[in-house]
Amino acid sequence: MIKFSKYINALTYIIISLAIIFFGTKLLSFDNELNKVDIQKIYIYDIYKNKYGLAEFFKKDHLIIVLYHNYNCFECFKDIKAEIDSILNIDKNFDYLVICRVQNDIITQKKTLTQLGDIFDKSKIYFDIHKSEDKWPPSEFEDGLFSLLDIKLTPTLIRKDYQSIKFIPYIELFPEMKK
């Protein structure tokens, strides 16, 4: 019971955030974190190393991008997926994807795909393209989307509707879970 109540505030925030997808502002706007990212120059790839421009996904009217790296609250991903499923039941035009920042070797990527594939549709899981070896802590990442957005803890979300794009860091999603 305590575990369930621990996530109530976070789930409430997620529900409100995802509901904003349908009731956003009138002009397309980016929040401050995303202003420093040129979406046209960001690429991700699937497990087969097929490369995709992130801008392709931003053509959708309603989109949630779930960001994952190894410094995370894994149970929180299950809560986010439950909220995504409830929205998918209402809006068939809504979509999501998961972008992972893990080592660039196939073994680590397949392990990540297996772990997250138990929660999310495996065809929606992609990987951040980065050249450097990941340093610890995650604030030391040198390239890729996670470095540009300075993502330290996950899950972190990017929420896009036809009117706005919002970066929602872990600490805003789960304020009671500060590490």
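The values are calculated or read from the model by the stated rules, or taken from the named source; none is laboratory data. Only a predicted model underlies this, so the values are computations on that prediction, with no experimental measurement involved. No Cβ is skipped: glycine too gets one built from the backbone with ideal geometry, and neighbour counts run over all protein chains shown.
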Discussion item. Under 7 Å between Cβ atoms, which residue pairs at least 6 apart in sequence (or on different chains) link something in segment 152-166 that is assigned to a loop (DSSP other than H, G, I, E, B) with a partner that is among the acidic types (Asp, Glu)?
Written reply: ASP161/ASP61; TYR162/ASP61
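This table checks each residue for (1) in contact with a Gly (Cβ under 7 Å, 6 or more places away or on another chain); (2) of a type outside the set (A, V, I, L, M, F, W, C); (3) part of a loop (DSSP other than H, G, I, E, B); (4) at pLDDT 55 or above.
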position	(1), (2), (3), (4)
SER17	no, yes, no, no
PHE22	no, no, yes, no
LYS26	no, yes, yes, no
LEU34	no, no, no, yes
TYR48	no, yes, yes, yes
ALA55	no, no, no, yes
LEU63	no, no, no, yes
Worksheet item: From the list LYS178, LYS131, LYS160, LYS92, which one is more than 24 Å from TYR52 (Cα to Cα), among the basic types (Lys, Arg) and at pLDDT below 90?
Response: LYS178
Worksheet entry | Hey, LYS110 under 17 Å from the mean Cα position of the chain (by Cα), basic (Lys, Arg) and surrounded by fewer than 15 Cβ atoms within 10 Å (Cβ to Cβ) or not | no
Fill in: Single condition TYR68 does not satisfy, out of (1) hydroxyl-bearing (Ser, Thr, Tyr); (2) touching a residue at least 12 places away in the same chain (Cβ under 8 Å); (3) surrounded by fewer than 17 Cβ atoms within 10 Å (Cβ to Cβ)
(3)
Worksheet item: Mind checking which residues of segment 160-174 are within 16 Å of TYR68 (Cβ to Cβ) and touching a Ser or Thr at 6+ places or on another chain (Cβ under 8 Å)?
Response: PHE167, ILE168, PRO169, TYR170, LEU173
Worksheet item: Can you name the residue in segment 74-123 that is without any contact (Cβ under 8 Å) to a residue 24 or more places away in the chain and outside any helix (DSSP H, G or I) and is also nearest to MET177 (Cα to Cα) among such residues?
Response: ASP118
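Sort out which residues of segment 147-156 are surrounded by fewer than 23 Cβ atoms within 10 Å (Cβ to Cβ) and either in contact with a helix residue (DSSP H, G or I) (Cβ under 8 Å, 6 or more places away or on another chain) or closer than 17 Å to ILE84 by Cα (or both), and write them in order of number.
Within segment 147-156, the first condition is being surrounded by fewer than 23 Cβ atoms within 10 Å (Cβ to Cβ), and the residues that meet it are 147-150, 152-153.
Within segment 147-156, LEU149, ASP150, LYS152, LEU153 qualify.
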